[in-house]
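Trainee: Quick one: the structure is below, questions incoming.
The values are calculated or read from the model by the stated rules, or taken from the named source; none is laboratory data. Computed from a predicted model, the values in this text were never measured in an experiment. As a convention, Cβ positions derive from the backbone with ideal geometry for all residues, glycine included, and neighbour counts pool all protein chains shown.
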Amino acid sequence: MFQQRRANDFDDRLLRLIGIPAAGLLIPIIFIGHTFNDYCYWQSAGFSTFYTLLYWQISRYFFLIGNRRFPDYQQNGHRIRWILGLCFSTILVLCNVIHFFIEPHLNDNEIKMPSVIQVNAASFTTFILIAGMYESMRNFNLWKTTAIEKEQLGRANMQSQLESLRNQVNPHFLFNSLNTLVNIIPEYPDNAVRFVQKLSKVYRYILEMRDTNTVPLSTELEFLNAYIFLLKERFGENLIIHINIPLDDESITDREIVPLALQILFENAIKHNIISSAKPLRIEVFAEKNNEQLIVKNNLQRKNQVQEGTGVGLENIKTRYKLVCNKEVEVIVSAQSFMVSLPLLSK
């Protein structure tokens, strides 16, 4: 999970460093009518900078207190009224106390003092600008926090869905494999030993891949070879498999797919099609579209009655691709063949 600051917290040091002097220099020009060439400009700028610094710190303090006191979005109205009320009343009192009782003692008698209206107008305009900047910062941080939390929630939901889908990928072929093993032990004990070794390798891979979103194609093909050994023991020459992927071509084998996708597609082809000496099932695996797609293709000879599904199948692969990379798995069915196109992903 990401760690981040609350929406009410922000770093405004640069804003204050630039904003306070800038306001101090501009206020005499905007509200009092001075220019840079006036002999009294810099004294007025000094007073306005002092005012700005004082009001900025007061406004900032009340703004932060208000944010912590009314943190919820539903309390926004109360928060704004609370901040405005405190800031306006405090600034009104301070502005006039400084103007009438302190500033005359600091001011050169030859320099005309601004009127009380000018002083209050400058003070409250400065406050409104400060409040507007801080409110904008708060809303931006709140939006950013909400967006990140939404992303985190989406990722957590995606991981939950992926975990659910992975849990569907059970070694349901284990029952058939054990039946095959029982048949070959009496006649071919050496084959039985190799069969158990391959079965162990397949089972271990399935368990290891439950916590993985994608795997290199080379890893999946290595697993597939062990899986094909089990299938060939079951079906013999009635099952013909061609893997047309050059293992030394890293531009293909280093690409990634969702784990166990090939095993699921092979198992589905076997489940839905007739496999016999008269009608052997042919399965091909090859790359297309500049190695962007991995194709799994089988000849189509549907069974009249297909055993009930176990929840593991093409929809599982489609959903996992959608969650992992938001890419589509393409299915092309003709009278002669059934073809699935899996996106090959970059690392």
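Trainee: Among the residues of segment 200-213, is any in contact with a Pro (Cβ under 6 Å, 6 or more places away or on another chain), modelled with pLDDT of 80 or more and closer than 27 Å to N298 by Cα?
Mentor: Scanning segment 200-213, I find no residue that is in contact with a Pro (Cβ under 6 Å, 6 or more places away or on another chain), modelled with pLDDT of 80 or more and closer than 27 Å to N298 by Cα, so the answer is no.
One line per residue, one yes/no per condition, for (1) more than 16 Å from L53 (Cα to Cα); (2) modelled with pLDDT of 80 or more; (3) in contact with a Lys or Arg (Cβ under 9 Å, 6 or more places away or on another chain):
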{"position": "S115", "(1), (2), (3)": "yes, no, no"}
{"position": "F124", "(1), (2), (3)": "no, yes, no"}
{"position": "N157", "(1), (2), (3)": "yes, no, no"}
{"position": "N167", "(1), (2), (3)": "yes, no, yes"}
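Trainee: What tally of residues in segment 208-221 results from selecting those that are in a loop (DSSP other than H, G, I, E, B) and either among the acidic types (D, E) or without any contact (Cβ under 8 Å) to a residue 60 or more places away in the chain (or both)?
Mentor: Narrowing segment 208-221 to residues in a loop (DSSP other than H, G, I, E, B): 212-214.
Remaining after also requiring either among the acidic types (D, E) or without any contact (Cβ under 8 Å) to a residue 60 or more places away in the chain (or both): 212.
Number satisfying all stated conditions: 1.
Trainee: For segment 27-49, which positions are assigned to a helix (DSSP H, G or I) and either modelled with pLDDT of 85 or more or polar (S, T, N, Q) (or both)? Before you say what the answer is, go through the steps one by one.
Mentor: As a first pass, look at segment 27-49 and keep what is assigned to a helix (DSSP H, G or I): 27-32, 41-49.
Scanning segment 27-49 gives Q43, S44, S48, T49.
Trainee: OK, next. Given the residues I102, I130, I91, which is the only one that is surrounded by 14 or more Cβ atoms within 10 Å (Cβ to Cβ), at pLDDT below 85, over 38 Å from the mean Cα position of the chain (by Cα) and part of a helix (DSSP H, G or I)? Break it down stepwise before answering.
Mentor: On the way: I102 fails: surrounded by 14 or more Cβ atoms within 10 Å (Cβ to Cβ); I130 fails: over 38 Å from the mean Cα position of the chain (by Cα).
Selected residue: I91, the only one of I102, I130, I91 that is surrounded by 14 or more Cβ atoms within 10 Å (Cβ to Cβ), at pLDDT below 85, over 38 Å from the mean Cα position of the chain (by Cα) and part of a helix (DSSP H, G or I).
Trainee: Pairs needed: first member in segment 64-75, hydrophobic (A, V, I, L, M, F, W, C); second member anywhere, modelled with pLDDT of 80 or more and surrounded by 13 or more Cβ atoms within 10 Å (Cβ to Cβ); C-beta distance under 6 Å; at least 6 residues apart or different chains.
Mentor: Sorted first by the residue in segment 64-75, then by its partner, the pairs are F70/H78; F70/R79.
Trainee: Restricting to segment 200-246, what's the tally of residues that are touching a Ser or Thr at 6+ places or on another chain (Cβ under 8 Å), within 20 Å of Y321 (Cα to Cα) and not small (G, A, S)?
Mentor: Residues that pass the stated criteria total 3.
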